[in-house]
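Written below as structure tokens is the structure these notes are about.
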């Protein structure tokens, strides 16, 4: 989670928790990282970015393709390198951000323009 001094909460839908854990396995198995620990660190950096920055980032309305993950969603982006953009989809209620889905430009970038 985030630091206690933040005045916002980031909560992950159970599906996203599974998705992020699976991402570690995929990154390692497909050779993106030579060590499992490096794959874990990559996902931790993604989560840290979300938890520290989501209220301050430019939010855009989620394209219709993503309404299957929730209604009235918005998304923000994270660019860990020149080749990859992560899209973080969430619902916001006051200072609480419920992350409902995460994908990247390699998987579903064609649905985001």
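Every read-out reported here was derived from the displayed coordinates using simple, explicitly stated rules and does not represent laboratory data. Here the structure is a predicted model, which means the values were calculated and not measured.
Taking Cα pairs under 8 Å and at least six residues apart, what relative contact order does the range 48-113 come out at, in percent? Each step should come with its number before you reach the end.
On the way: 86 pairs, mean separation 16.0, N = 66.
Normalised by residue count, the contact order of the range 48-113 is 24 percent.
Given contacts defined as C-alpha pairs under 8 Å and at least six residues apart, what's the relative contact order of the chain, whole-number percent? Display every interim value, and only then the final one.
On the way: 144 pairs, mean separation 31.3, N = 113.
That works out to 28 percent.
Per residue, what volume in Å³ does the convex hull of the Cα atoms of the range 9-111 enclose? Please list the in-between numbers first.
Values: hull volume 10.5 nm³, N = 103.
Once divided by residue count, the hull of the range 9-111 is 102 Å³.
List, largest first, the extents of the alpha carbons of the range 1-63 along their principal axes, each in whole Å.
Computed over the Cα atoms, the extents are 37, 32, 22 Å.
Mean residue ellipticity at 222 nm from the helices of the chain, using -39,500 (n - 2.57) per DSSP H segment of n ≥ 4 over the full residue count, to the nearest 500 deg cm²/dmol?
Values: 3 runs with 38 residues, N = 113.
Rounded to the nearest 500, it is -10500 deg cm²/dmol.
For the chain, take the longest principal axis of its alpha carbons; what is the angle in degrees between that and the long axis of helix 36-53, to the nearest 10 within 0 to 90?
20
Could you estimate the translational diffusion coefficient of the range 49-99 from the Stokes-Einstein equation, with Rh from the Kirkwood formula over C-alpha pairs, at 25 °C and 0.890 mPa s, in whole µm²/s? Walk me through the intermediate numbers first.
Numbers: Rh = 11.5 Å.
D = 213 µm²/s.
What do you get for the angle between helix 14-29 and the principal long axis of the chain? Use alpha-carbon atoms, 0 to 90 degrees, nearest ten.
With rounding to tens, the tilt is 20 degrees.
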